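The values are calculated or read from the model by the stated rules, or taken from the named source; none is laboratory data. Computed from a predicted model, the values in this text were never measured in an experiment. In this analysis, Cβ positions are derived from the backbone assuming ideal geometry, glycine residues included, and neighbour counts consider all displayed protein chains.
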Amino acid sequence: MAVALAVDIGGTKFEAAVVDDSGEIDGRVRVDSTGARNGEELFGRLAGIIETIDLAGVDVCGVGSGGPMRPNGEQVSPLNIAVWRDFPLRSRLAALTGLATFVDNDAKALALGEGWLGAAVGVSNYIAMVVSTGVGGGIVLDGRLLDGAAGNAGHIGHLVVEPEGTELPGHVRGVLEAEASGIAIAHRTGAPPSEASADERRRAGTMVGRAVGSVANLLDLQLAVVAGSVALGYGDDFFAAAQLECDRVARLQHSVGTQIVAAGLAERGPLIGAAAVGFAGSKHGARSR
């Protein structure tokens, strides 16, 4: 049995656990990732939770992190973690744990996880998305996770969906992340995303459906698997609006019927995805970028 240390790097929390090759999660721990004064303080929080985990029998470390990042995750610059810019996450975790360590974008990790144990099992062409503090994506075509030149393929959050839309600091006006992410909703409404009205929840879904429909037209895929606190927290309001807008946009012969579904792994997705990154890395070595 193969066993991974799975690490999820999020904009509001870090999480770590031991995950075996059947998807069983053990020893799950988390820590707040907000408000750090510098990168070392923030890494110290991550190290603190990892040091509570018994690594005996663990074979590899897999990490899902917000991006963008350099090839193989050697340096990460998550848009929602301001104190990490070109932070050497992979090498620091490898030194901390003594394990072979593999890092990929968190939404790409989700795509691997959903194809392994979630809503995309048996599907060769799909996009997996995280709609949470930010918005990210990972794309699988012909059964292969797309990497791109530096490993950043799939950044659907920076697809323009509303040209005259929200001006969110640090973003091009009207990109999906500026319309449907938790930070965008809080910026626009002045309230926590969890307090958003039904109209705001449907609006977020509509923006996601618009982006998915465009991607389906472009890439000839018919499934979008969506996770994240905004999408899953908003539930039916979000998903019904997303599907309606996707149906309006995806009108080509190859894209008609594209489905937007909730991630099958739900809150387990980030850790299962991170473990999948580790298992894939240990099997194939660092993927060529």
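Out of all the residues in segment 125-137, is one or more without any contact (Cβ under 8 Å) to a residue 12 or more places away in the chain and either in contact with a Lys or Arg (Cβ under 6 Å, 6 or more places away or on another chain) or among the aliphatic types (A, V, I, L, M) (or both)? Steps first, answer last, please.
Step one: list which residues in segment 125-137 are without any contact (Cβ under 8 Å) to a residue 12 or more places away in the chain, which gives none.
No, the conditions are met nowhere in segment 125-137.
From the residues in segment 71-117 that are out of contact with any Cys (no Cβ under 7 Å at 6 or more places or on another chain) and of a type in the set (S, T, N, Q), which one is surrounded by the most Cβ atoms within 10 Å (Cβ to Cβ)?
Among residues in segment 71-117 that are out of contact with any Cys (no Cβ under 7 Å at 6 or more places or on another chain) and of a type in the set (S, T, N, Q), the one surrounded by the most Cβ atoms within 10 Å (Cβ to Cβ) is 105.
Taking the stated definitions as given, is residue 173 out of contact with any helix residue (DSSP H, G or I) (no Cβ under 7 Å at 6 or more places or on another chain) and either at pLDDT 95 or above or more than 19 Å from residue 80 (Cβ to Cβ) (or both)?
yes
Do we find a residue being in a helix (DSSP H, G or I) and either touching a residue at least 60 places away in the same chain (Cβ under 8 Å) or buried (at least 22 other Cβ atoms within 10 Å of the Cβ) (or both) anywhere in segment 246-255?
Within segment 246-255, one or more residues are in a helix (DSSP H, G or I) and either touching a residue at least 60 places away in the same chain (Cβ under 8 Å) or buried (at least 22 other Cβ atoms within 10 Å of the Cβ) (or both).
Across segment 49-69, what is the number of residues that are over 23 Å from residue 136 (Cβ atoms) and either surrounded by fewer than 13 Cβ atoms within 10 Å (Cβ to Cβ) or of a type in the set (S, T, N, Q) (or both)?
Final tally of qualifying residues: 5.
Could you list all residues from segment 4-52 that are among the hydroxyl-bearing types (Ser, Thr, Tyr) and more than 19 Å from the chain's Cα centre (by Cα)?
22, 52, listed by residue number.
Can you find a residue that is farther than 29 Å from residue 75 by Cβ, surrounded by 15 or more Cβ atoms within 10 Å (Cβ to Cβ) and in contact with a helix residue (DSSP H, G or I) (Cβ under 6 Å, 6 or more places away or on another chain) anywhere in segment 134-156?
no
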